[in-house]
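Encoded as structure tokens, the structure appears first; notes follow it.
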Amino acid sequence: MLTETYIRSTAAISPQKTFGNDGIPEFEEYTEVNYLKCIEPVYRDFLDPMASRRMSRLVKMGVCSALHCLKKAGIDIPDAIITGTGLGCIEDTEKFLGSVFTQEEKLLNPTPFIQSTHNTVAAAIALALKCYGYNATYTHRGFSFETAMADAMLQLAENPASNVLAGGFDELTSNSYAITRRLGLWRTHPVNTLRLLYDAGKGALPGEGVAFFLLTGKPGNENMARLDAMHTFYNPAGGAACGKQLEGFIRKAGLEPGDINLVMLGLNGDVSGDALYSEALRHAGLRTNLAAFKHLCGEYDTATSFALWLSAEILRTGAVPSQVSMGPAPGSVKNILIYNHLRGHNHALYLLSA
Amino acid sequence: MEQLIAQLKHEIIEVLNLTELTPDSIDENAPLFVEGLGLDSIDALELIVLLEKKYGLKLGTADEGKKILYSVRTMAEFIRNNNKG
Amino acid sequence: MPQRVFITGIGIISSIGLGPDAVYDALVNKHAGIGKLTLFDTEYCDVPVGQVRLTNEELMTLAVPGKKGLYSRTSLLAIIAAKQAVAMAGNEGIADSSTGLISATTTGGMDRSEVFYKDFLADNQKGRLRNVAGHDCGDGTEKIADVLGIGGPITTINTACSSSANAIMLGSRMIRQGKLKKAVAGGSDALTLFTLNGFNSLMILDRELCRPFDETRNGLNLGEGSGFVVLESEDQLMKTGKKCLAEVTGYGNACDAFHQTASSPEGYGAWLSMKTALASAGLAPADIGYINAHGTGTRNNDLSEGIAVQKIFQDGVPDISSTKTYTGHTLGASGAIEAVISIISMNRQYVFPNLRFTQQMNELAFAPVTELKAGVKMNHIMSNSFGFGGNNTTLIFSRC
């Protein structure tokens, strides 16, 4: 018998007021920004200052989010902790690397080095909880969070009674912004986030965020949503190939394109990248309500974790916020298809149902 | 000596990012490791870097290091004995 | 019905050789690859390292002959080893959606991005962008996928020193559960200024050749390289009639949850990963013929691992050695490199010694194997990889 995957709870720290409140907040309108940064909690309220003395911003956000997610699910210690991050703890990487040069390799502080490894967040969560279970970290661009979720689903298939904590996160530092800006990834002029997806332009709006999920194989009313399927594909030839993947994904889940209530798209404001979505939808025969999320969280390797948080919350409440919907908001939503791609190379699909 | 101890406390707080502590809350005679402040091996490395960077002092063996880093006072005495503070 | 998982191809590049045959020659002749660091300028050129004695240009010719462009050293090492493994296994079905690629690395493109960063730090408009474009861990994996033409899911793992062991574990789990029929799994790491200075700041680099499990041990020697295996399902093997090199019969991943870098003194995480691996294989400790230890040579790891080994195996500790005495600690690549060495060990019926051992550790009742042992029939081998963050992974390989 196939084990099903349910999202029991979720917690997110993002450029929106997503942390601490239950549900979807009033979304911020950022009127003139070059990038989006997280609205951070007061860490002292959640973390012991002594225990968190070495933690970077990203690690603090990760641990806070994870602990809050577990609290909401009523789980003390999960059976597995699985994370995904595209660039890992880049702030500490920069700090240590910088010191190598400025101090000419002499008398270097070890703390940023040990904190720079990509699995630092997963390890910090395990340390905080004394969780001895399976612990993994994936770091592969737009597949980082997806692999974490795939592994989590595999865990549940192997151990249906387990509780798996899975999360995705990435941070933006001023150096990483400067470097990626030079690489031509971003808009060169400040944007208004609520107009981002309508004002055609070259480049996306960079962002950052953390989102954690407690996944279980047990059905129940306390669950937010069921994760029916997830699929990734790499370097498709074009819109038609993407459409074929989309259609195949929907049919493999036992549905027709007409059964999908809402498609949550990873539109990011980059006109050529965004064109791929409409081509794919057309080829897949998907003519349904559309929504977007990157005008709220920005573009980063694990942005789909924000999309998953948002979709789970939408399915829990049944309502699509007007700032998320592209077009008139649909009446009721019983399922959501998330489709995201990172610069045309890493494509990810999720199917969730209420 | 007392001035050196006060200065050291500030430096320890800064280097180890003990943001919730004030110099007054650190007992200079209390152990720094295991009990007392409860510092660990990474903190020890950071303190070794501090002693060399700020005071130009290198620790010898690991056992010697353990004695010197026992408390704020023993650290101050080590600095004073080597005419560096 | 869970599928059994078989290894049909292995590939390796390390300081002791290019390819399984060359590596076997070095192992059997007790030729360690640890020596002088010549790859880049550093304050610490006196520190012995297991450097692959090929330049980046030479690696390019082996990995992507005729191609131009900037490839990080890590990705070149990975492509070379992955190609070897696939050549041995045969590449049928490589473009199918049921063939996956799981790579692993801790350094990613850092050997190039640190060159960029030096210039960038001085002036943020300086630095060749090509050097930093492949900084992230996934870059090398996509380069492997492009070279091999992988049709299914691709991903990269970074769990510090257990990374590529986890890659082999994930590939095995996905095949067992029918998500994949074939997986290319392994990892790669190159020597970088970043990691050299990182480990130096932790004061765990030995200025001499390392001596794992020795009472006088004084740290690790860094190494570099790549190891890859091709994993295939039982159905695939029956369909193709291929010969297998080993079976992946067990795996365990546990978190020590003790400290960010140090292992718990009683080796709880190591004990748990070994125990879980044995249970998943349905084996008893007495079934294990040899342990390829994580054995880095640090005061902390070898004590922690040693205590855990004793707890599991009691009076029956099997032959055990650390082949890091040959290769150095290849970080993210170590799990896969040592998996390949373990398979060579099992198939050639040799136990490779723990080099430079002189004095048994006071806390342990066992000593590692110190001489080459020939004609040893091993039915099951255990391989340990323990990483920062308490990531502990154990793999069990069995004779086909």
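Would you say B:Thr74 is over 18 Å from A:Leu108 (Cα atoms) and within 14 Å of another protein chain (Cβ to nearest Cβ)? Full working, then the answer.
Working: over 18 Å from A:Leu108 (Cα atoms): yes; within 14 Å of another protein chain (Cβ to nearest Cβ): no.
The answer is no for B:Thr74.
Anything in segment C:261-279 that is under 21 Å from the mean Cα position of the chain (by Cα) and over 30 Å from A:Pro112 (Cβ atoms)? List them, or say none. Spell out how you get there, then give the answer.
So in segment C:261-279, the residues under 21 Å from the mean Cα position of the chain (by Cα) come out as C:261-263, C:267, C:269-278.
Once the filter is applied, which keeps residues that are under 21 Å from the mean Cα position of the chain (by Cα) and over 30 Å from A:Pro112 (Cβ atoms), segment C:261-279 yields C:Trp271, C:Met274, C:Lys275, C:Thr276, C:Ala277, C:Leu278.
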- Query: Looking only at segment C:107-147, which residues are aliphatic (A, V, I, L, M) and either under 20 Å from A:Tyr138 (Cβ atoms) or in the same structural domain as C:Thr330 (by TED's automatic domain parsing) (or both)?
  - Reply: C:Met110, C:Ile144, C:Ala145
- Message: A:Ala166 - would you say it is of a type in the set (A, V, I, L, M) and buried (at least 22 other Cβ atoms within 10 Å of the Cβ)?
- Response: yes
- So which strands (runs of 3 or more DSSP E) stay within segment A:216-327 end to end and still have 3 or more residues that are out of contact with any Gly (no Cβ under 6 Å at 6 or more places or on another chain) and within 22 Å of C:Ile154 (Cα to Cα)? A:225-234
- Of the numbered conditions (1) free of Cβ contacts under 8 Å to residues at least 40 places away in the same chain; (2) farther than 21 Å from C:Thr261 by Cα, A:Pro78 fails exactly one; give the number of that condition. (1)
- Task: Within segment C:1-42, count every residue that is in a strand (DSSP E or B) and hydrophobic (A, V, I, L, M, F, W, C).
- Result: 7
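In segment B:1-25, which residues are in a loop (DSSP other than H, G, I, E, B), more than 12 Å from chain A (Cβ to nearest Cβ) and more than 16 Å from B:Ile79 (Cβ to Cβ)? Working first, answer last.
Of all residues in segment B:1-25, those in a loop (DSSP other than H, G, I, E, B) come to B:1, B:16-22.
Those still in the list that are more than 12 Å from chain A (Cβ to nearest Cβ) too: B:1, B:22.
If the condition is that a residue be in a loop (DSSP other than H, G, I, E, B), more than 12 Å from chain A (Cβ to nearest Cβ) and more than 16 Å from B:Ile79 (Cβ to Cβ), then B:Thr22 is the only one that fits.
For segment C:88-197, which helices (runs of 4 or more DSSP H) that fit wholly inside it have 2 or more residues that are within 11 Å of another protein chain (Cβ to nearest Cβ), out of contact with any Phe, Trp or Tyr (no Cβ under 6 Å at 6 or more places or on another chain) and within 20 Å of C:Leu237 (Cβ to Cβ)?
Working: elements: C:110-122, C:129-133, C:138-148, C:163-176.
Because the criterion is at least 2 residues that are within 11 Å of another protein chain (Cβ to nearest Cβ), out of contact with any Phe, Trp or Tyr (no Cβ under 6 Å at 6 or more places or on another chain) and within 20 Å of C:Leu237 (Cβ to Cβ), the helices (runs of 4 or more DSSP H) in segment C:88-197 that meet it are C:163-176.
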- Task: Answer with yes or no whether A:Leu107 is touching an Asp or Glu at 6+ places or on another chain (Cβ under 9 Å), closer than 26 Å to A:Gly217 by Cα and modelled with pLDDT of 95 or more.
- Result: no
- Residues of segment A:28-62 that turn out to be within 27 Å of A:Asp270 (Cβ to Cβ) and either assigned to a helix (DSSP H, G or I) or of a type outside the set (Asp, Glu) (or both), as a count: 12
- Checking A:Leu58 against (1) away from chain C (no Cβ under 13 Å); (2) among the aliphatic types (A, V, I, L, M); (3) surrounded by fewer than 24 Cβ atoms within 10 Å (Cβ to Cβ), the condition it does not meet: (3)
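Only one residue in C:Glu247, C:Glu224 is modelled with pLDDT of 95 or more and either surrounded by 23 or more Cβ atoms within 10 Å (Cβ to Cβ) or in contact with an Asp or Glu (Cβ under 8 Å, 6 or more places away or on another chain) (or both), so which one is that?
Numbers: C:Glu247 fails: either surrounded by 23 or more Cβ atoms within 10 Å (Cβ to Cβ) or in contact with an Asp or Glu (Cβ under 8 Å, 6 or more places away or on another chain) (or both).
From the options C:Glu247, C:Glu224, the qualifying one is C:Glu224.
Do the conditions hold for A:Glu94, that is, is it of a type in the set (Asp, Glu), in contact with an Asp or Glu (Cβ under 9 Å, 6 or more places away or on another chain) and surrounded by fewer than 23 Cβ atoms within 10 Å (Cβ to Cβ)? Give the steps one after another, and end with the answer.
Working: of a type in the set (Asp, Glu): yes; in contact with an Asp or Glu (Cβ under 9 Å, 6 or more places away or on another chain): no; surrounded by fewer than 23 Cβ atoms within 10 Å (Cβ to Cβ): yes.
The answer is no for A:Glu94.
With respect to C:Ala270, is the statement that it is under 15 Å from C:Ser162 (Cα atoms), part of a loop (DSSP other than H, G, I, E, B) and within 14 Å of another protein chain (Cβ to nearest Cβ) true?
no
Just a yes or no: is a residue in segment C:236-243 at the interface with chain A (Cβ under 10 Å from one of its Cβ atoms) and either modelled with pLDDT under 95 or surrounded by 24 or more Cβ atoms within 10 Å (Cβ to Cβ) (or both)? Steps first, answer last, please.
We begin by selecting, within segment C:236-243, every residue at the interface with chain A (Cβ under 10 Å from one of its Cβ atoms); these are none.
Checked against the condition, which is being at the interface with chain A (Cβ under 10 Å from one of its Cβ atoms) and either modelled with pLDDT under 95 or surrounded by 24 or more Cβ atoms within 10 Å (Cβ to Cβ) (or both), segment C:236-243 yields no hits at all.
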- Message: Being within 11 Å of chain A (Cβ to nearest Cβ), surrounded by 15 or more Cβ atoms within 10 Å (Cβ to Cβ) and at pLDDT below 95 is true for just one of B:Leu39, B:Leu50. Which residue is that?
- Response: B:Leu39
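The values are calculated or read from the model by the stated rules, or taken from the named source; none is laboratory data. Source: prediction; values computed, not measured. Note that each Cβ is placed from the backbone with ideal geometry, even for glycine, and that neighbours are counted across all protein chains shown.
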